[in-house]
Amino acid sequence: MQREKQDPVNYYVGIDVGTASVRAALVDQFGTIVAHADQSIQIWEPKPDHYEQSSDDIWAACCTVTKKIIQGVDVAWIRGLGFDATCSLVVVDKQFQPLAVNYEGECKRNIILWMDHRAASQVDRINGTQHSVLSYVGGVMSVEMQPPKLLWMKENLRESCWEKAGYFFDLPDFLSWKATGVTARSLCPLVCKWTYSPDKGWDDSFWKVIGLEDLVADKYEKIGNQVLSPGASVGNGLTPEAAKDLGLAEGTAVAASLIDAHAGGLGVIGADVKGHNLPCENQPVTSRLAVICGTSSCHMGISDAPIFVPGVWGPYYSAMVPGFWLNEGGQSATGKLIDHVVRGHVAFPELQAKAAASAQNIYTYLNSHLDLIKKSLPVGFLTVDLHVWPDFHGNRSPLADLTLKGMVVGLTLYQGLDELALIYLATIQAIALGTRHILETMQSAGHHISTLFLCGGLSKNPLFVEMHADITGKPIVLSKEVESVLVGAAILGACASGDFASVQEAMERMGKIGKIVLPNHRDKRFYDKKYEVFLKLVEHQREYKAIMQGV
């Protein structure tokens, strides 16, 4: 927890539920984080591709971190509360008690985590219908969305879970229900992960054709038939019970929530850039791409009119910024991939020891080590013979191919710290090359993007930022407040309180830019060649898969 001295101004609480932790921030009306705290949450992996969490565990963590950030604060100054969370699926019974989403019958584990891939066969069948709603998710539904997970439960846990279920919540909506007692859903998760249409509502024919006609029969009560725009005030604010749990005042305004990446986009994409000589200055906000980089990465671009991008989710109307269409690209494993590669290397114990001896975290030490071994060449050139395809957990965008696997080309027998540093660098470059692939696909479809706005945990890593600038050729804008997702959640609370006239006004007033990183165009030829190799890797992987079919 960190804390700074406060002045008596209006404050808002933003609560962000990520994959592995819950974080909260107290944010003032100018967008400054006054205090923040975090707490880890549990993940169960009972079998490969099955990832589960507990709504009780998550709510308890929300309460703990909120009480920490408001210590010594007059809660009368706290005007609103906003939640964001991963797009995980929460299941409760008719009395709102947790229901097991697993074969073991462990009711505490009542959340299917966003990154769970158990519903692979179900999503294949859903995509096989070629239903018209799929055109709004890039043409192909992802296994990370909710309809395939619901279908999996009906087919695998019919008696123990499906028939007992009272409500299925996206995690952001579960949190707003827990705070207010109101089951209204936010437009954001419903549009992005459930196939809801802002103008047409639910499409009965889709749910019937995929075998979930039960949801139509109950008039969608279980998945939501009251829908609010993100930032709208929910019910009468905090219930007495939730207020006691969180340490806030009863009736404090609670906002309709956002998915975590969308909150990050809200916290950074609308910032005032005047005087920084950026290509997006004096250009519409549609010239910006928000990249939220954490366990996974999301690439959020908005447009005035709908743009259909093959393999990229959307267009979603008003799912992030009211009045704009959203396209959402993404990479399923980024921070998780870097951790996997680094911690699984035989030289990791040596790295740990040397980083500890120098009082640095492992990634700061690796960055320094790369600087030592680069000699006279730019650091990126160290991987001229080492290439990574980063889809160890399948490709979300723009290929939308769950079956793709990771690849490393250029390994040697050396196993020392130099080699660990090189594969770390090559992995970061692969993630940046994936961002370029998404960016170019979006631009080919009609987006006009000149500047990238990065936030999230990986944006704290200067090597990660530098590689994104050099590989995409775009300037990178970092938020003044590194925790832009928390600022985005607080912006929701500010809107719910009525202190701002619109989400757009709150975005501009509370979003602040910090450092700007410009691309080194002298290295363009090298990264163009790396990108050419990058695209060849997936081409070859598909050739290998075709050869092995039927074996």
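Computed quantities for the displayed model
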| item | result |
| --- | --- |
| Residues (of a type in the set (A, V, I, L, M, F, W, C) and touching a residue at least 40 places away in the same chain (Cβ under 8 Å)) located in region 334-366 | Leu337, Ile338, Val341, Val342, Val346, Ala347, Phe348, Leu351, Leu366 |
| Hits in region 154-174 (condition: buried (at least 22 other Cβ atoms within 10 Å of the Cβ) and over 13 Å from Val92 (Cα atoms)) | Pro172 |
| First in region 91-105 and more than 17 Å from Lys149 (Cβ to Cβ) and open to solvent by 10 Å² or more (accessible area, probe 1.4 Å), second anywhere and modelled with pLDDT of 95 or more and in a loop (DSSP other than H, G, I, E, B), Cβ under 6 Å, 6 or more apart | Asp93/Leu99; Asp93/Lys164 |
| Residues that are buried (at least 18 other Cβ atoms within 10 Å of the Cβ) and more than 20 Å from Phe174 (Cα to Cα), drawn from region 13-31 | Leu26, Val27, Asp28, Gln29, Gly31 |
| One residue from Thr383, Thr427, Thr403 being among the β-branched types (Val, Ile, Thr) and at pLDDT below 95 | Thr403 |
| Of residues in region 467-497 being closer than 27 Å to Thr252 by Cα and hydroxyl-bearing (Ser, Thr, Tyr), the one least open to solvent (accessible area, probe 1.4 Å) | Ser484 |
| Check on Thr451, surrounded by fewer than 22 Cβ atoms within 10 Å (Cβ to Cβ), polar (S, T, N, Q) and within 30 Å of Ser287 (Cβ to Cβ) | yes |
| Any hit, region 34-57, residues being under 19 Å from Ala242 (Cβ atoms), modelled with pLDDT of 95 or more and open to solvent by 70 Å² or more (accessible area, probe 1.4 Å) | yes |
| Sole residue being at pLDDT below 95, closer than 30 Å to Leu386 by Cβ and among the small types (Gly, Ala, Ser), chosen from Gly410, Gly473, Gly434, Gly456 | Gly456 |
| Count of region 498-534 residues which are out of contact with any Ser or Thr (no Cβ under 8 Å at 6 or more places or on another chain), surrounded by 14 or more Cβ atoms within 10 Å (Cβ to Cβ) and among the small types (Gly, Ala, Ser) | 1 |
| Helices (runs of 4 or more DSSP H) lying entirely in region 177-287 (those with 1 or more residues that are of a type in the set (S, T, N, Q)) | 204-209 |
| Subset tally (residues that are under 12 Å from Ile112 (Cα atoms) and touching a strand residue (DSSP E or B) at 6+ places or on another chain (Cβ under 9 Å)) for region 32-66 | 10 |
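The values are calculated or read from the model by the stated rules, or taken from the named source; none is laboratory data. Computed from a predicted model, the values in this text were never measured in an experiment. All Cβ positions, glycine included, derive from the backbone under ideal geometry; neighbour counts span all protein chains shown. Surface accessibility is based on the protein's heavy atoms, side chains included, excluding ligands, DNA and RNA. Shrake-Rupley method; radii C 1.70, N 1.55, O 1.52, S 1.80 Å.
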